[in-house]
Structure formats: C-alpha cells, structure tokens
Amino acid sequence: MKKVYFITGSQHLYGKDIFTEINRHSAEIANYLSGKLPAEAVALPVVTTKEEITNAFKAANNDDDCVGVITWMHTFSPSKMWIGGFKILHKPLLQLNTQYNRDIPWSEIDMDFMNLNQSAHGDREHGYITSRMNLKRKVVAGFWQDSSVIGQIGCWVRAAVGKAECDNLKLIRFGDNMRNVAVTEGDKVSAEIELGWSVNGFGIGDLLEYVKNVREEEIDKLMAEYKEKYIINTTRTDAIREQARYEIAMERFLDENNAKAFTTTFEDLHGLNQLPGLAVQRLMEKGYGFGAEGDWKTAALTRVMKRMAEGLEGGTSFMEDYTYHYEPGNEMILGAHMLEVCPTVSAEKPKIEVHDLGIGGKSAPARMVFNGLSGDGICVCILDMGNRLRMIIQEIKLLPVSNEMPNLPVARLLWRPMPNINDGTKAWIMAGGAHHTCLSTALTKEHLIDLADMLGIETVVIDKNTDIYSLKKELQLNEVLWRLK
Ligand code: MN
C-alpha cells in the first residue's frame with residue numbers, strides 16, 4: 001500500500017514538554033486518516049528545526065512507496081526553517097490546516113492551551129512561505145474528522161498515486177498514429193519531461209512473434225474464462241479464439257517490457273487477421289491503458305486514471321464521442337468506438353459477438369457488446385498545444401441506455417455533457433477538446449484537477465457552472481499566461 005508522510009511542525013519556544021503531546025495528536029490524526037484514505041498516513045516525529053524539516057523531506061523523496069507529504073503546524077513553526085526542505089521536496093504537497101480539538105474548552109482554556117493549539121496562526125505562517133515560494137500544493141482547511149475535509153484529502157491522495165504512476169509509466173505503441181490525424185499527435189519528449197511518460201514504438205512484427213507462440217491450451221483456458229464471465233452470443237468460436245490469442249500475446253509483450261499502456265492502429269495490422277477488439281477490452285478490464293489509432297496520450301491517461309480509481313465503485317474506459325441525439329429536452333451524446341470500450345463501464349453482463357468492420361479490410365473481429373452505466377461521470381483529454389499540455393475535464397450525466405439498438409454491434413454509452421448539450425459541446429470544442437477521451441464514473445473532477453496541479457499543466461474545467469463568455473476569456477488569458485512561462 002502506498003504511503004503519505006504526515007509531518008507536524010512546531011518549535012522550541014514553548015519547551016520540550018509539549019512535543020510528547022504533539023506526537024500523540026499527530027499519530028492519532030494520521031491513524032484516523034489512514035482508515036479513510038486510499039493510502040497509509042505515516043506520522044513522523046514532530047519537526048522543530050531546519051535540519052529536522054530537511055531530513056523529513058529527504059526521507060519522503062527517497063521512499064518509493066511515499067506518494068506525497070501532508071504538513072500541519074500544530075504550533076507556530078517559523079517558516080524560514082522550511083525553505084531548505086521545500087527547495088528539495090519532489091513529492092506532491094498538501095497543506096492541512098486543522099486543529100486537534102474540535103471545540104474550545106470554554107471553562108478551562110488558558111494560555112498554555114492556546115500555546116499548544118495554535119494551528120490558526122501556525123498554518124497561516126506556513127501558507128505564506130508556500131505561496132512566497134510559489135509551490136504547487138493543495139490547501140485543505142477544516143476539522144480533521146469532517147467528511148468533506150477527508151474527501152478533499154482523499155482526492156489528493158488518489159491524484160498523488162496517479163502522479164507516481166506517471167513517473168514510472170511505460171507505454172508501447174503498436175504502429176504509429178492514424179495518418180493525417182492531428183489531435184492524437186504530440187511531442188513525446190515533452191510528454192516525458194512534463195508528465196514522466198515513456199512512450200516508445202514497436203513494429204507489429206515484434207508482436208506477431210508473440211502471437212505465433214501462444215499455445216492452444218492457453219487459449220482453451222481463456223475461452224473457459226470468457227464463457228464464465230460473459231455471454232457468448234455467436235457460433236463463430238474461431239474468431240473469439242483469435243482474440244484470446246491476441247490477449248495472451250499482448251499481455252505478455254506488455255509485461256515483459258514493464259508497460260502498463262498501449263496503442264494499436266487499424267492502419268497497421270500486417271499479419272494480424274483481425275483488429276484487436278475483445279483482446280483490448282479485456283486488457284483494459286485488467287487495468288492497462290489503451291488508445292486507438294495510435295493515441296498514446298489517451299492511452300496513458302486511461303492507465304493513470306484506472307490506477308487512481310482502484311477500489312472505487314464505477315468504471316474507467318477509453319471513449320470516443322460518436323453521434324448526437326438532438327431530441328428537444330432529451331439531448332445526448334452516444335459514445336462508443338469501433339470495438340474498444342472497457343467492460344468496467346458496462347451496466348450488464350457483456351455479450352461477445354462477431355461482426356464485420358466497415359473499415360480496415362480485415363476479418364470480422366470478436367468484441368464485447370453492452371449498454372453502459374448511468375450516473376455522474378467525467379470525460380478527460382490531454383492536448384499538446386505546441387508550447388504546453390492542456391487537460392480538459394468535463395462533467396457529464398450518463399443516462400440509462402433504454403432504447404434497443406439491434407443493429408449497433410458495439411458497446412455504447414449515453415450522456416449529456418455539462419452544463420447542457422449545446423454549451424457543453426461548444427465549450428469542449430472552443431478548448432480544442434479531442435474526440436478521444438478517458439471516461440470515468442469512478443473519479444470526479446477534483447481528482448483530475450489535483451493531478452493536473454501536481455503535473456503543472458494547464459487545466460480547463462467544463463461543469464454545470466460553465467459560462468461561455470467567461471470560458472472564452474479564460475482561454476484567451478491562458479494563452480497569454482502560458483506564452484509568458
Ligand atoms: Mn477513434
């Protein structure tokens with residue numbers, strides 16, 4: 001399990017006697033948070049000098065399991081002592097402004113109590129130095145047992161897990177980007193500098209060797225698993241076996257290269273009889289990130305978001321905005337792809353079917369077909385704007401798929417973008433948003449905002465409060481700000 005360090009600040013002005021009690025308080029708070037957060041909060045001994053502070057941050061930097069640092073000033077901790085530590089801290093930072101006691105003990109309060117419990121001004125001194133040093137950090141304020149406070153810390157912890165995933169992420173591209181497409185392109189060197197993603201290409205022939213070496217018994221075993229987990233809605237077993245072969249080969253290829261995300265392209269399938277469909281859906285279900293048509297940015301984002309969402313209800317998938325429904329009062333977008341939608345966003349037991357593809361000129365591929373989840377969700381994309389990366393996060397309302405679509409042989413989801421279909425799509429297009437996204441019903445915009453802040457990339461949020469004129473000004477201002485950087 002990942003860890004966050006809980007570092008409590010004080011100083012020697014009030015005598016050493018208070019440190020025992022401070023350590024007891026921070027251990028209790030960290031222990032309480034550990035039970036509610038998707039990481040263990042580890043309380044370090046109270047830090048009271050420049051040397052202790054710097055050493056605590058060095059320890060955080062060097063601990064691979066530590067994804068971030070929470071700081072809290074129990075008493076006043078003069079902030080010049082923190083400058084050296086902050087200069088070397090490489091892990092995400094959360095500044096928690098809280099207080100051990102919820103209530104003022106009215107009848108007993110005296111100056112000793114005040115000197116021991118003074119986060120109200122200790123955390124203000126701390127906030128000055130983090131602002132003065134222009135540090136990336138999240139500020140959370142409120143009583144530590146408050147569910148909204150814990151919720152905000154929880155979002156940050158998941159984002160920190162995502163940031164750690166970014167730092168180690170390797171992505172394999174089978175083939176290049178789809179010819180002539182702009183939005184799936186990007187600077188892979190910038191991506192590795194800014195985001196940590198290592199993106200490298202392999203020829204489809206490299207994969208083919210793995211495909212050839214898959215044994216029939218391995219396929220038999222996987223077919224039994226398919227039969228148990230899904231409804232086999234076809235007699236074309238050979239086409240399903242072909243996808244099972246791809247699944248085993250691709251997973252082996254990814255694992256041997258320590259890669260957690262990949263892309264394919266229907267324009268480069270030499271030696272494969274089918275476009276990988278069911279195989280890709282299965283790998284996404286197992287947690288790998290995927291992007292079609294060589295879209296490595298969405299593939300990596302999908303892996304990172306899946307990692308951030310681990311343990312939460314709901315699903316996360318590669319997605320594409322496909323078709324509109326403009327019925328007045330019941331407007332929506334139908335999202336799908338040629339084949340590759342992750343079954344974690346299915347509302348039902350998926351059916352495995354085999355159908356011809358309209359494009360690509362290959363054999364009919366097996367794929368899972370299902371109706372998607374309903375409820376709240378987000379669509380997210382990352383764009384290369386030339387001089388910077390931009391993340392767009394849109395809140396959406398997923399609608400139950402109630403209409404029969406007997407001739408549509410792919411998994412499908414329906415949703416309404418916020419604030420409404422016309423302004424929501426207009427805002428997305430004004431910001432340059434891609435047709436490929438990562439859709440999640442498990443994560444919220446706060447998770448992604450925290451991640452973008454940690455990565456230091458531009459963020460555009462489109463939600464129920466989006467006003468087109470304000471967004472236009474925001475985009476214009478961002479253009480200038482990012483040119484100044
Ligand atoms: Mn596509």
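The values are calculated or read from the model by the stated rules, or taken from the named source; none is laboratory data. Bear in mind that the values here come from a model prediction, so they are computed numbers and not experimental data. Cβ: placed from backbone, ideal geometry, glycine included. Neighbour counts: every protein chain shown. Note: accessible area is taken over every heavy atom of the protein model, side chains too, but ligands, DNA and RNA are not part of it. Shrake-Rupley method; radii C 1.70, N 1.55, O 1.52, S 1.80 Å.
Given bins 5 angstrom wide, list per bin the percent of all Cα-Cα distances in the stretch 280-349, short to long.
4, 16, 24, 23, 15, 10, 6, 2
Would you pull out the residues with amide H under 5 Å of Leu389's amide H, same chain only if 5 or more places away, H placed 1.01 Å from N?
Glu458
Work out the FRET efficiency for His270 and Asn180 from their Cβ-Cβ distance, taking R0 = 22 Å, and round it to the nearest 0.05. Before the final figure, lay out each step's value.
Details: r = 20 Å, r/R0 = 0.90.
In this case the efficiency is close to 0.65.
Kindly count the pairs of lysines across the stretch 223-334 whose alpha carbons are less than 19 Å apart, treating pairs on different chains or eight or more residues apart as eligible.
For the stretch 223-334, qualifying lysine pairs total 7.
In debye, nearest 20, what is the charge dipole magnitude of the chain about its Cα centre with +1 on Lys and Arg Cβ and -1 on Asp and Glu Cβ, if you could check? Kindly include the intermediate steps, with their values, before the conclusion.
On the way: 54 positive and 65 negative charges, 130 e Å.
Computed about the Cα centre, the dipole is about 620 debye.
Per residue, how much space in cubic angstrom lies within the convex hull of the C-alpha atoms of the stretch 99-201? Before the final figure, lay out the partial values.
Numbers: hull volume 15.1 nm³, N = 103.
Convex hull of Cα atoms, per residue: 147 Å³.
Got a sec? Charge dipole of the stretch 3-167, +1 on Cβ for Lys and Arg, -1 for Asp and Glu; which of Gly85, Ile109, Ile53 is way out at the positive end?
Result: Gly85, furthest along the dipole toward the positive end.
Could you tally up the Lys pairs in the stretch 383-485 with alpha carbons closer than 23 Å? Skip any pair fewer than 8 positions apart unless they're on separate chains.
Lysine pairs, 8 or more places apart or on different chains, close enough: 14.
What distance in nm separates the simple spin-label points at Ile359 and Ile232, each placed 7 Å from Cα in the Cβ direction?
Here the answer is 3.2 nm between the modelled labels.
Over all Cα pairs of the stretch 141-233, how is the pair count split among 10 Å bins, expressed in % and running from 0 up to the last occupied bin?
Result returned by the calculation: 12, 20, 22, 28, 13, 4.
Nearest 10 degrees, 0 to 90: what angle lies between the long axis of helix 119-132 and the longest principal axis of the chain (Cα atoms)?
60 degrees
State the Kirkwood hydrodynamic radius of the stretch 3-167 in Å, one decimal place, computed from all pairs of distinct Cα atoms.
Computed over the stretch 3-167, the radius equals 15.9 Å.
Two decimals, Cα atoms only, Kirkwood Rh: what is Rg/Rh over the stretch 231-376? Intermediate results must be reported in sequence, preceding the final value.
Details: Rg = 15.4 Å, Rh = 15.9 Å.
A ratio of 0.97.
If R0 is 30 Å, what FRET efficiency do you get for Lys472 and Asn330 from their C-beta distance, rounded to 0.05?
Working: r = 28 Å, r/R0 = 0.94.
Step by step, r from the Cβ atoms, then E = 0.60.
Treat the stretch 406-485 as a sphere of radius equal to its Kirkwood radius over Cα pairs and apply Stokes-Einstein at 10 °C in a medium of 1.306 mPa s; give the translational diffusion coefficient in µm²/s, rounded to a whole number. Could the numbers behind the result be given before it?
Values: Rh = 14.6 Å.
This corresponds to a translational diffusion coefficient of 109 µm²/s.
With the Cα gyration tensor of the stretch 45-132 giving a ≥ b ≥ c as the square roots of its eigenvalues, does the rule (a/c under 1.5 for rounded; else a/b larger than b/c for prolate; else oblate) give rounded, prolate or oblate?
On the way: a/c = 2.34, a/b = 2.02, b/c = 1.16.
Since a/c reaches 1.5 and a/b is larger than b/c, the shape of the stretch 45-132 is classed as prolate.
For the ranges 476-483, 377-384, 63-70, what's the packing order if you count other beta-carbon atoms within 10 Å of each residue, average per peptide, and put the highest first? Spell out each step's value before the answer.
Details: 476-483: 11.8, 377-384: 24.1, 63-70: 20.2.
Top of the packing list down: 377-384, 63-70, 476-483.
Counting only heavy atoms of protein chains, what accessible area per residue, in Å², does the stretch 3-45 have with a probe of 1.4 Å?
Numbers: 1980 Å² over 43 residues.
Dividing the accessible area of the stretch 3-45 by its residue count gives 46 Å².
Cα extents of the chain along the three principal axes, largest first, in whole Å?
Principal axes ranked by extent give 80, 53, 44 Å for the Cα atoms.
Going by average Cβ density within 10 Å per residue, which order do the peptides 130-143, 96-109 take, highest to lowest?
On the way: 130-143: 14.7, 96-109: 13.0.
The packing order, highest mean first, is 130-143, 96-109.
Run the reach check for Lys212 against aspartates and glutamates, Cα to Cα strictly under 20 Å, same-chain hits fewer than 8 apart removed. What comes back?
Reachable aspartates and glutamates: Asp220, Asp238, Glu242, Glu247, Glu251, Asp255, Glu256, Asp268.
For the stretch 345-483, give the magnitude of the charge dipole about the Cα centre (Cβ charges: +1 Lys/Arg, -1 Asp/Glu; no others), in debye to the nearest 20. It would help to have the intermediate numbers written out before the result.
Working: 15 positive and 16 negative charges, 58 e Å.
About 280 debye.
Given the Cα-Cα distance of Arg483 and Leu13 and 0.36 nm per residue of separation, how much length would full extension add, in nm? List each step's numbers first, then the result.
Details: separation 470, 0.36 × 470 = 169.20 nm, distance 4.63 nm.
Here the answer is 164.6 nm.
Would you mind counting up the charge near Phe253? Only other residues with Cβ under 13 Å from its Cβ, with Lys and Arg at +1 and Asp and Glu at -1.
Details: positive: Lys170, Arg173, Lys212, Arg245, Arg252, Lys260; negative: Asp206, Glu209, Glu247, Glu251, Asp255, Glu256.
Net of charged neighbours comes to 0.
Less than 10 Å Cβ to Cβ from Arg241, Lys/Arg counted +1 and Asp/Glu -1: what total charge do the surrounding residues give? List each step's numbers first, then the result.
Numbers: positive: Arg236, Arg245; negative: Glu216, Asp220, Asp238, Glu242.
Local net charge: -2.
Using a Cα-Cα cut-off of under 20 Å, which aspartates and glutamates could be cross-linked to Lys36, ignoring same-chain neighbours fewer than 8 residues away?
Counting by Cα, and skipping residues close in sequence, Lys36 has these aspartates and glutamates nearby: Glu28, Asp65, Asp146, Glu310, Glu313, Glu446, Asp450.
Give me the number: length gained by fully extending Lys58 to Glu404, i.e. 0.36 nm times residue separation minus the C-alpha to C-alpha distance, one decimal in nm.
Numbers: separation 346, 0.36 × 346 = 124.56 nm, distance 5.85 nm.
Here the answer is 118.7 nm.
Please turn the phi angles of the stretch 392-404 into ³J(HN,Hα) values with the Karplus equation 6.51 cos²θ - 1.76 cosθ + 1.60 (θ = phi - 60°), one per residue in order, whole Hz, x for glycine and proline.
My calculation for the stretch 392-404 gives 10, 10, 10, 7, 9, 10, 7, 10, x, 7, 9, 7, 6 Hz in order.
Could you list the square roots of 5 times each eigenvalue of the Cα gyration tensor of the stretch 384-449, that is, the equivalent ellipsoid semi-axes, sorted largest first and rounded to whole Å? Working shown, then result.
Numbers: eigenvalues 128, 40, 34 Å².
Computed over the stretch 384-449, the values are 25, 14, 13 Å.
Heavy atoms only, probe 1.4 Å: what % of the accessible area of the chain goes to carbon and sulfur, would you let me know?
49 percent
Please give the net charge around Asp65, taking every other residue with its beta carbon less than 10 angstrom from that of Asp65, where Lys and Arg add +1 and Asp and Glu add -1. Don't skip to the end; give the middle numbers.
Working: positive: Lys2, Lys3; negative: Glu40, Asp63, Asp64.
Charge balance in the 10 Å sphere: -1.
So how tilted is helix 17-34 from the main axis of the chain? Cα-based, degrees 0 to 90, rounded to 10.
Approximately 20 degrees, to the nearest 10.
Can you give me the distance in nm between label points at Asn258 and Glu218, each placed 7 Å from the Cα along the Cα-to-Cβ direction?
It is 2.2 nm.
Could you check what % of the DSSP bridge pairs in the chain are antiparallel, to the nearest 5? Provide the component values of the computation, followed by the final result.
Values: 34 of 72 bridges.
Percentage antiparallel, nearest 5: 45.
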